[in-house]
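Just so it is clear, none of the values below were taken in a lab; they were calculated from the coordinates. Remember, predicted model here, so these are calculated numbers, not experimental data. Because the Cβ atoms are built from the backbone with ideal geometry, glycine has one as well, and the counts that use them run over all protein chains shown.
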Amino acid sequence: MPNEIFRSALFNCRNRNQPRQYMKDAEIAVIGDGQIVYRGEELRQDDELVWLHLVHLLKKSPLGECVEFTPYSFIRALGWPVKGQSYERLRICLSRMQATAIRIQSKRLGSFISVSLIQMFRSRDEQMVNLSRWQVWLCKEMLLLFDEEFLTRVNWEIRKSLPDGIASKLFGYWASHREPFPVKISTLMRLCGAEMSAKHFREKLKISLNLLQEAGFLETWKLQDDTLTVRRRY
């Protein structure tokens, strides 16, 4: 994943029971260098999981070329239950990410790059019958975001073992830092796109930190006043 995305609230972790908002040229919170302006339906952690696996499948093919997969294998890779609801959930995630416009700017890019997370996908034929193999394309311009020095590779087994929410969001954020620096709770709330009281967020945060320890990602964490310090295990 490009660091600019992991360090932003593009894929937020709001409560799944809350309706997703439609965002029109909204500035997304970014921690550190960079700016992201987004148009489309709100993206959450399930969308991020789908996009991570999609990029994994595409990494051996030139961007702009089609990648094919069975929806069954994709759903199994995500750790989702194999049932009709998961197939439809995957289709909706892909459709939601196709209908996006994202403008990203940072020092290393120099100027804004405007892309859609997914250029095109096919899951049904002309008679609206499900295809046995789905097809997805990412635009060639997406390559500009995948500079080796500004990428984060994540442990897939840990990522998919985490529930979609604060734990999975912070896993990506801290994975993009070799040595995470102390961070304010208010900053983490912006990163997560949290719409709750600071007290409630701290409670959820402690649960998530313990999950990250149990998963083997964090060695230690310390919350003092309004500042959180963590140490990665690897």
> Using alpha-carbon pairs under 8 Å, 6+ residues apart, how would you state the relative contact order of the chain in percent?
Replying inline: 22
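Looking at this model, which pairs from Lys107/Lys206; Lys83/Lys140; Lys107/Lys140 are more than 28 angstrom apart at the alpha-carbon? Mind dumping the intermediate values first?
Working: Lys107/Lys206 34 Å; Lys83/Lys140 33 Å; Lys107/Lys140 21 Å.
As for pairs spanning more than 28 Å Cα to Cα, those are Lys107/Lys206; Lys83/Lys140.
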> How long is the gain from Val129 to Lys83 if the chain were fully straight, where each residue apart is worth 0.36 nm and the alpha carbon distance is subtracted?
Replying inline: 14.9 nm
>> I want to make sure I understand the PRE zone here: with the label point 7 angstrom from the Cα of Lys60 toward its beta carbon, which residues in the range 95-137 have backbone N atoms less than 17 Å away?
In response: 136
> By counting other Cβ atoms within 10 Å of each Cβ, how are Met97, Met142 ranked from fewest to most?
Replying inline: Met142, Met97
> If one computes the Cα centroid of the range 1-41 and of the range 65-98, what distance in Å separates the two points?
Replying inline: 22
>> Please compute the modelled spin-label separation between Gln35 and Tyr72, points set 7 Å along Cα→Cβ, answer in nm with one decimal.
In response: 4.9
>> Taking the number of other C-beta atoms within 10 Å as the exposure measure, put Ser132, Ser8, Ser73 in order starting with the fewest.
In response: Ser132, Ser73, Ser8
>> Tell me the mean residue ellipticity at 222 nm calculated for the chain from its helices only (DSSP H runs of n ≥ 4, each -39500 (n - 2.57), averaged over every residue, nearest 500).
In response: -10500 deg cm²/dmol
> Roughly how many nanometres apart are two label points built 7 Å out from the Cα toward the Cβ at Glu179 and Ile92?
Replying inline: 4.4
>> If neighbour count is taken as other Cβ atoms inside 10 Å, put Ile207, Ile158, Ile36 in order from fewest to most.
In response: Ile207, Ile158, Ile36
> Taking θ as phi - 60°, what are the ³J(HN,Hα) couplings along the range 131-146 by the Karplus curve (6.51, -1.76, 1.60), each to the nearest whole Hz, with x for Gly and Pro?
Replying inline: 7, 6, 10, 8, 10, 9, 10, 10, 6, 4, 4, 4, 4, 4, 7, 9
> Based only on the alpha carbon positions, what is the Kirkwood hydrodynamic radius of the chain, in angstrom?
Replying inline: 18.5
